[in-house]
Every structure is written in structure tokens, then in C-alpha cells.
Amino acid sequence: MNTQTHDVEVLAFRLGQEEYGVDILKVQEIRGQDPVTRIANAPDFIQGVVQLRGVIVPIVDLRRRFGLATQDTPFTVVMVLHIGGRVIGMVVDSVSDVIRLAPGDIRPAPELGSAFDTEFLLGLATIDERMLILLDIERLMSSEELGLIERLAA
């Protein structure tokens, strides 16, 4: 995103104390938490699967994936994403708004030790007093994790 030449819209959401953003075009819908069917031997960040309009959707708790506390509140939601030809649910603490970012609003992510590898970051955006951590959600949910999700949903 830091090489963008046009405005981009991101959906802002919270994990713990930090605010993150993902490309709004990847978001299919936002839902409350439905009961999940647990999958034996799945990593703890995969809550299980739900059926959504005839599609089996794996539910990934992004808070656990990043090693954060998982305290559900009335604001905890599942963002249903369309990534790499698959539908995946992602549990987040809350969703706030859609933000339009100009190319100049986005800065490269610093190389710092953090709860996750910076290869999953597109950059950082500052809007007024807010700082958004922009996630490369396809990269985050791909590789071995998407392979794992593929096997669980099969």
C-alpha cells in the first residue's frame, strides 16, 4: 500500500489497544459471533468453522494469532473476508469505520520487534490523532495458515 498512486479505503478495527486496517474490498460482511463447530487438533487461534449461506467458513481469532488477550465484549465481531478465493472469518475486538487514505497518508512499517512479523504489514497510516496499522491480510492468512484452513474446511 505504501506504493499506492490512488486513494484506498480501509476498514478500521481494534485488537487490544491498537487500531488496524484492512482493504475494504476484502471485507464481505461484519457479523456477530455465531456458535462454532470446533475442529480437533486445530491451533488455538482457529476457533472452528461455521456455515454461512451454505459455505463452511473457518473462524480465525486474530487476537490469539497475535498473542493478545481474548476478552469478548458486546463489540466483538467477526469480519468475513474474501481472501485468495476463500471465505474466512476473523474475530476482532471491534470495528469502527471506513477510512479513505491518500497515498501520502501511508508510511512504510518500521522494522521493530512486535507481536507479529512486519512482513504482514503494508504500512502505517496517521489520520488526525489516530494511527492505523495496515495489514496485508492476504499474506497474513496465506502460506501455511491458509493451507491449514484449507485442510480443516475440506
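The values are calculated or read from the model by the stated rules, or taken from the named source; none is laboratory data. Computed from a prediction, not measured in an experiment: that's the story for all the values here. Note that we place each Cβ from the backbone using ideal geometry, even for glycine, and neighbour counts take in every protein chain shown. Note: areas computed on protein heavy atoms with side chains; ligands, DNA, RNA excluded. Shrake-Rupley method; radii C 1.70, N 1.55, O 1.52, S 1.80 Å.
Restricting to segment 84-102, and then to whatever is at pLDDT 85 or above and farther than 21 Å from G32 by Cβ, can you tell me which residue is farthest from the chain's Cα centre (by Cα)? Walk me through it before giving the result.
Kept after step one, since they are at pLDDT 85 or above, are these residues of segment 84-102: 86-102.
Pick out the ones that are also farther than 21 Å from G32 by Cβ and you get 86, 99-102.
On the way: R86: 14, I99: 16, R100: 18, L101: 18, A102: 21 Å.
Only one residue tops the list, namely A102.
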Review point. Within segment 1-20, can you find the residues that are open to solvent by 30 Å² or more (accessible area, probe 1.4 Å) and of a type outside the set (S, T, N, Q)?
Key: H6, D7, E9, R14, G16, E18
Exercise for review: Mind counting the residues in segment 26-57 that are surrounded by 17 or more Cβ atoms within 10 Å (Cβ to Cβ) and within 28 Å of T126 (Cα to Cα)?
Suggested key: 2
Check your understanding: Residues in segment 38-53: is at least one assigned to a loop (DSSP other than H, G, I, E, B), out of contact with any Asp or Glu (no Cβ under 8 Å at 6 or more places or on another chain) and closer than 15 Å to E18 by Cβ?
Key -> no
Exercise for review: Sort out which residues of segment 58-81 are modelled with pLDDT under 90, open to solvent by 40 Å² or more (accessible area, probe 1.4 Å) and either assigned to a strand (DSSP E or B) or under 18 Å from L11 (Cβ atoms) (or both), and write them in order of number.
Suggested key: R65
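For segment 128-154, name all the residues that are open to solvent by 10 Å² or more (accessible area, probe 1.4 Å), at pLDDT below 65 and in a helix (DSSP H, G or I). Lay out the reasoning, then the answer.
Our first condition is that a residue be open to solvent by 10 Å² or more (accessible area, probe 1.4 Å); within segment 128-154, this holds for 128-131, 133, 136, 138-139, 142-148, 150-154.
After this cut, where a residue has to be at pLDDT below 65 as well, the list is 143-148, 150-154.
If the condition is that a residue be open to solvent by 10 Å² or more (accessible area, probe 1.4 Å), at pLDDT below 65 and in a helix (DSSP H, G or I), then S143, E144, E145, L146, G147, L148, E150, R151, L152, A153 are the ones that fit.
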Practice item. Of the conditions (1) among the charged types (D, E, K, R); (2) within 17 Å of M131 (Cβ to Cβ); (3) surrounded by 14 or more Cβ atoms within 10 Å (Cβ to Cβ), D23 clears all except one; give me its number. Key: (2)
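Among the residues of segment 82-108, write down those that are assigned to a strand (DSSP E or B), open to solvent by less than 40 Å² (accessible area, probe 1.4 Å) and of a type outside the set (S, T, Y). Break it down stepwise before answering.
Initial filter on segment 82-108 (assigned to a strand (DSSP E or B)): 82-83, 86-92, 94-101, 106-107.
Retained after the next criterion (residues that are open to solvent by less than 40 Å² (accessible area, probe 1.4 Å)): 83, 87-92, 94, 99, 101, 106.
Scanning segment 82-108 gives I83, V87, I88, G89, M90, V91, V92, I99, L101, I106.
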Exercise for review: Take I88 and decide whether it is more than 22 Å from T118 (Cα to Cα), among the β-branched types (V, I, T) and touching a residue at least 60 places away in the same chain (Cβ under 8 Å).
Suggested key: no
